[in-house]
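Novice: After the structure tokens below, expect a handful of questions from me.
The values are calculated or read from the model by the stated rules, or taken from the named source; none is laboratory data. Bear in mind the structure is a predicted one, so any value in this text is a computation, not a measurement. Because the Cβ atoms are built from the backbone with ideal geometry, glycine has one as well, and the counts that use them run over all protein chains shown. Protein only, heavy atoms only, side chains kept; ligands, DNA and RNA dropped before computing areas. Shrake-Rupley method; radii C 1.70, N 1.55, O 1.52, S 1.80 Å.
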Amino acid sequence: MRRLILLGFLASLAGCASLPAVDSDLMAESHTANGAGIIELMRIQEERLTRRPFVGGNAVLLLDDGPSTYAAMQQAIAGAKQRIDMESYQFDAVEGTAFANLLLQRRAQGVMVHVIYDAFGSKHFPDSLIKRMREGGIEVLEFNPLRLSSRVPLDLNRRDHRKLLVVDGAIAITGGVNITRVYLNHPGDTANGPGHMQWRDTDVRIEGPVVAQFETLFAQSWNDQHGPPLPPPPPTPQVARGTARVLAVDGDPDDERPLIYRTLLVAMSLARSSIHLTTGFFVPPPALRHALEGAARRGVQVQVIAPAHSDSLVAIEAGRSHYQDMLEAGVRIYERRGVVLHAKTVVIDGVLSIVGSANLDWRSVLFNDEIDAVIIDDDFGRQMEALFK
């Protein structure tokens with residue numbers, strides 16, 4: 001099965017979906033705009049592409065590793081009063097069991113619980129545990145089974161790479177963190193391979209009106225997989241919780257509009273001072289590579305942190321094959337050692353930040369369902385820059 005999916009990945013290298021240029025009027029305006037004006041142009045362009053507005057009034061908490069993300073998720077689940085919606089590429093037998101037990105506790109208290117897991121990513125999620133969850137009243141949905149199914153057509157390539165928790169329509173947690181023990185591995189263990197090394201990742205906890213957008217994207221995944229009818233979610237409180245403007249962006253291969261990739265490209269095209277990227281897989285398609293090189297040539301500080309260790313040596317070597325051209329253009333590339341880097345973050349001009357599940361590689365663009373939070377906020381941008389440094 002792994003071989004089939006790898007063949008699909010390699011086949012994708014032959015081409016890429018068409019990608020837009022920045023609106024010509026906005027590009028012309030960018031030549032005279034100041035810093036705040038550039039961010040406003042990015043906002044306009046991202047809203048035009050996604051057909052979804054940035055929503056203000058949100059509190060955003062940066063979760064800078066797996067344990068802090070798990071603590072935030074567990075706190076949100078424990079406080080749930082009405083509904084928990086959870087979606088993840090990977091549930092393993094260890095942390096998957098821990099979270100299943102928490103979810104079963106809340107379901108026993110009358111909270112509705114819906115879970116989506118990817119069939120390939122969660123291949124070590126025990127069938128006995130899934131059965132226990134269902135018997136306990138949790139609605140559990142397998143994304144694109146690796147076998148013939150009457151529910152959805154067989155599709156080995158398309159995977160659900162999203163990581164999302166929505167509680168009571170009021171709190172959303174998203175980013176790169178899977179539900180797996182690798183985040184709890186002992187730091188400094190580099191001798192026994194990526195499975196025994198500690199993984200480095202980033203998530204965000206969002207509270208505020210924009211949570212409704214994340215709830216909608218969960219329902220989209222559920223309905224696309226023909227799950228049982230979902231009841232209406234609790235209404236998202238419209239009370240302001242903070243100052244951040246946030247946009248939920250989905251990557252959905254079905255619509256042939258790779259929105260995460262498109263919005264990233266246009267933001268890079270408008271960047272004035274800096275582009276700081278952290279990615280778990282760095283195999284940039286040509287348009288992305290050229291956008292990074294073009295930004296560096298026009299004087300933007302472009303820095304990329306990529307993994308030195310990974311569970312995919314093919315991806316690391318594929319990424320390194322493009323290093324020379326990017327370095328010659330002025331892009332600075334750093335490989336994170338000592339841990340398995342799995343975070344997917346971007347900070348542009350110190351103000352527009354992106355935290356999500358999408359890597360900078362072909363699979364995220366063409367095959368995976370992904371989800372990113374795009375955040376416009378000065379204070380959060382400073383936190384992201386500090387984490388990057």
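Novice: Pop the C-beta distance of T97 and D311 into the FRET formula with R0 = 22 Å and round what comes out to the nearest 0.05.
Specialist: Efficiency, from the Cβ-Cβ distance: 0.55.
Novice: Next up: Using helices alone, what [θ] at 222 nm do you get for the chain, with -39,500 (n - 2.57) per DSSP H run of 4 or more residues, divided over all residues and rounded to the nearest 500?
Specialist: Rounded to the nearest 500, the figure is -10500 deg cm²/dmol.
Novice: Could you work out the percent of alpha carbon pairs in the stretch 199-281 separated by over 19 Å, rounded to a whole number?
Specialist: Result for the distance tail: 59 percent.
Novice: Given the options P194, S68, G169, identify the residue whose Cα lies farthest towards the positive end of the charge dipole of the chain (+1 on Cβ of Lys, Arg; -1 on Cβ of Asp, Glu).
Specialist: Projecting each Cα onto the dipole axis, the largest value belongs to P194.
Novice: Once R0 is set to 35 Å, what does the formula 1/(1 + (r/R0)^6) return for the Cβ-Cβ distance between R48 and K389, expressed as a FRET efficiency to the nearest 0.05?
Specialist: Here the calculated transfer efficiency is 0.65.
Novice: Figure the gain on full extension for D379 and D189 (residue separation times 0.36 nm, minus the Cα-Cα span) and round it to one decimal in nm.
Specialist: My answer for the length gained is 65.0 nm.
Novice: How would you classify the stretch 55-141 from its alpha-carbon gyration tensor, with a ≥ b ≥ c the square roots of the eigenvalues: rounded for a/c under 1.5, else prolate if a/b is greater than b/c, otherwise oblate?
Specialist: Cα axes put the stretch 55-141 in the oblate bin.
Novice: Can you give the relative contact order of the chain as a percent, counting alpha carbon pairs under 8 Å and 6+ residues apart?
Specialist: 21
Novice: Could you check how much of the accessible area of the chain is carbon and sulfur, as a whole percent, using a 1.4 Å probe?
Specialist: C and S atoms contribute 53 percent here.
Novice: Can you order the peptides 39-45, 79-85, 142-148 by their average number of other Cβ atoms within 10 Å per residue, highest first?
Specialist: Packing order, densest peptide first, comes out as 39-45, 79-85, 142-148.
Novice: Something else: Mind checking which lysines have their C-alpha under 19 Å from K344, skipping anything on the same chain fewer than 8 residues away?
Specialist: Partners within reach: K163, K389.
Novice: Right, here's the next one. Taking the Cα centre of the stretch 233-367 as origin, sum charge times position over the Cβ atoms of Lys and Arg (+1) and Asp and Glu (-1), and report the length of that vector in debye to the nearest 20.
Specialist: Charge dipole of the stretch 233-367: 520 debye, to the nearest 20.
Novice: Hey, how many Å between the Cα centroid of the stretch 138-187 and the Cα centroid of the stretch 348-389?
Specialist: Cα centroid to Cα centroid, the span is 19 Å.
Novice: Relative contact order for the stretch 334-389 using alpha-carbon pairs under 8 Å, separation at least 6, rounded to a whole percent?
Specialist: 35
Novice: Taking only Cα atoms of the stretch 119-253, what ratio of Rg to Rh do you get with Rh as the Kirkwood inverse-distance radius?
Specialist: Over the Cα atoms of the stretch 119-253, Rg/Rh equals 1.00.
Novice: Another one. When the C-alpha atoms of the chain are aligned to their principal axes, what extent does each axis show, in angstrom, from largest down?
Specialist: Projected onto its principal axes, the Cα set of the chain covers 60, 48, 41 Å.
Novice: Over the chain, with the other protein chains present, what is the accessible area per residue in square angstrom, probe 1.4 angstrom?
Specialist: Per residue, the chain has an accessible area of 40 Å².
Novice: Sticking with this structure for a sec: Applying 1/(1 + (r/R0)^6) with R0 = 35 Å to the Cβ-Cβ distance of K123 and E40, what FRET efficiency is obtained, to the nearest 0.05?
Specialist: 0.20
Novice: Pull out a ≥ b ≥ c, the square roots of the eigenvalues of the alpha-carbon gyration tensor of the stretch 293-386, then state rounded if a/c is under 1.5, prolate if not and a/b is larger than b/c, and oblate in the remaining case.
Specialist: Note, shape of the stretch 293-386 comes out oblate.
Novice: Here's another thing I want to ask about it. What is the spin-label model distance, in nm, from D325 to R298 if the labels are put 7 Å beyond Cα along the C-beta direction?
Specialist: Rounded to a tenth, the inter-label distance reads 1.9 nm.
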